[in-house]
Each structure stands twice: as C-alpha cells, then as structure tokens.
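Here's a structure for you.
The values are calculated or read from the model by the stated rules, or taken from the named source; none is laboratory data. If you're wondering where the values come from, they're calculated on a predicted model, not measured in any experiment. Cβ: placed from backbone, ideal geometry, glycine included. Neighbour counts: every protein chain shown. Quick note on the areas: whole protein, heavy atoms, side chains included, nothing else; ligands and nucleic acids left out. Shrake-Rupley method; radii C 1.70, N 1.55, O 1.52, S 1.80 Å.
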Amino acid sequence: TTKILLKMTTNTAPIKWAQRSDSLYITIAIADVKDETIDLSDATLKFKGKSESKDYELNIEFFHEVDSEGSTYKVMPRSVQMHVMKKDKDQEEFWPRLLKDKTLEKNQVKIDWDRYVDEDEEDEAGGFDTEGMGGMGGMPPGMGGMGG
C-alpha cells in the first residue's frame, strides 16, 4: 500500500531568490494566489495559499536572521514578491544560500537569475527595483482593497 494521500493535498510552493548585501528578494512562483497567509518572522517564512484550486504552502528557515519589520511583500498576478531585509547590516556579505538546511535548498529553492548579481558586481547593479511594493500600486482601477 502507498501512503501518498496526505502528500497530494498540499504542494510545496516553488520559490526563487536573489540577494544584495543588505536584502533578499524572494519570489513565491505561484500565479493567481488566493486566501494567502504570509507569516514572516526574523528566522522563518511561512506561506499558505491557493492557486487554481490547489493548496500550496512553504515553511522555511533562513540561513541568517532577517528584519521582518523592515520587509515588504506584494501579491502580484503571477507571483508573490517579497523584499526581505537582512538583520545584520554590519556583515554586508552575501549569504551562501537562502535556507539553513542545505538539502531543502536543493529541492525547494531556485536562483532568480533575472535579479541575480555577483557579490563583486553589486555596486554596478544597484539595489532591487522595489517600486510599487509599498502599496497596491499597479492594480487596475477598482481592484484596490481586494487583497487580504
């Protein structure tokens, strides 16, 4: 007998990430997310949401602590975008990976090559373009206030 019944009900949300010395840019790559709950603490990120009648969740522990208070996120039509500030600004160094757990990283996390820069090219590349992350910018007229 196979025991995959429980596994089929919830899918692990696919994520990709990029970083700068002071922050992380995390994309939860699910389109048309509904009923999302996002719980960002200084050590972990927990996400639950629905897309096309499938349930997704994510529960990750960061490699180092982050500043959950100073971080922002936005639910977009094709994904959830998160700009997460690193806690220890004095370190000013790139993390070797996003997650504490190396094995999980291999299975769950992809590099966001569109936003990726090498540590020594950071000055030329500049920070992340987070325009519109603060509010509900970019929504069609009349759509504001629908999100959770």
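With every protein chain left in place, what is the accessible area per residue of the range 14-76 in square angstrom, probe 1.4 Å? Don't skip to the answer; put the middle values down first.
Numbers: 2980 Å² over 63 residues.
Accessible surface, normalised per residue, equals 47 Å².
Between residue 37 and residue 78, what is the label-point separation in nm under the 7 Å Cα-to-beta-carbon projection?
Each label point is offset 7 Å from its Cα along the Cβ direction, giving 2.9 nm.
Tell me the carbon and sulfur percent of the accessible area for the range 53-135, rounded to whole percent, probe radius 1.4 Å.
Working: 2340 of 5560 Å².
Using a 1.4 Å probe with all protein chains present, the range 53-135 comes out at 42 percent carbon and sulfur.
Using a simple spin-label model with points 7 Å from Cα along the Cα→Cβ vector, what separation in nm is obtained for residue 122 and residue 59?
Going from the residue 122 label point to the residue 59 one covers 3.2 nm.
Taking the alpha-carbon distance from residue 110 and a cut-off under 15 Å, which aspartates and glutamates remain once sequence neighbours fewer than 8 residues away in the same chain are dropped?
101
Given a Förster distance of 35 Å, report the FRET efficiency between residue 21 and residue 50 from their Cβ-Cβ distance, rounded to the nearest 0.05. Write out the running numbers ahead of the final one.
Details: r = 35 Å, r/R0 = 1.01.
FRET efficiency, residue 21 to residue 50: 0.50.
To the nearest 10 square angstrom, what accessible area does residue 104 show with a 1.4 Å probe?
60
Cross-link partners among lysines for residue 34, C-alpha distance below 21 Å, same-chain residues fewer than 8 apart left out?
Residue 34 reaches 7, 16, 46, 48, 50, 54, 74.
Something else about it: With +1 on each Lys and Arg Cβ and -1 on each Asp and Glu Cβ, and nothing else charged, work out how big the dipole of the range 24-96 is about its Cα centre, in Debye to the nearest 20.
On the way: 10 positive and 16 negative charges, 82 e Å.
Dipole size: approximately 400 debye.
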